[in-house]
1. For region 25-66, which positions are loosely packed, with under 10 Cβ neighbours inside 10 Å and under 30 Å from residue 106 (Cα atoms)?
2. So, in region 85-97, exactly how many residues are assigned to a helix (DSSP H, G or I) and either outside the structural domain of residue 69 (by TED's automatic domain parsing) or under 14 Å from residue 74 (Cβ atoms) (or both)?
3. How many residues does region 98-118 contain that are surrounded by 12 or more Cβ atoms within 10 Å (Cβ to Cβ) and assigned to a loop (DSSP other than H, G, I, E, B)?
4. When region 67-97 is examined, which residues are found to be more than 18 Å from residue 109 (Cα to Cα) and either loosely packed, with under 12 Cβ neighbours inside 10 Å or touching a strand residue (DSSP E or B) at 6+ places or on another chain (Cβ under 6 Å) (or both)?
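The values are calculated or read from the model by the stated rules, or taken from the named source; none is laboratory data. Remember, it's a predicted structure, so these values are computed and weren't measured experimentally. Positions of Cβ are generated from backbone atoms using ideal geometry, with glycine treated the same way; all protein chains shown enter the neighbour counts.
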């Protein structure tokens with residue numbers, strides 16, 4: 001990730017042939033561009049997301065909404081907050097995630113407590 005340039009790099013290993021094929025197809029759609037050029041830019045992705053939401057009949061979803069959904073699902077699935085924080089690119093040890101998503105931990109904790117029998 002190069003935040004100064006606004007770039008996210010994706011490493012595609014040999015076990016993820018679907019993603020590799022998709023990226024190669026997207027690259028082939030633009031034969032006039034240099035191979036080192038980005039595959040898609042954020043505004044292009046947003047156009048696709050907008051179109052998909054419209055076709056599905058749901059309200060507009062942004063990349064930030066998807067990021068929030070990802071973090072929420074990770075935490076609700078039991079991934080610890082410092083790990084989620086690192087996955088999101090935070091460098092504060094999880095402080096922002098705790099502030100933003102800490103309430104999810106409380107709900108999860110309450111549900112887990114119901115499983116304890118004496």
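1. 58, 59, 64
2. So the answer is 4.
3. Looking only at that region, the number is 0.
4. Those that are more than 18 Å from residue 109 (Cα to Cα) and either loosely packed, with under 12 Cβ neighbours inside 10 Å or touching a strand residue (DSSP E or B) at 6+ places or on another chain (Cβ under 6 Å) (or both): 69, 89, 91, 92.
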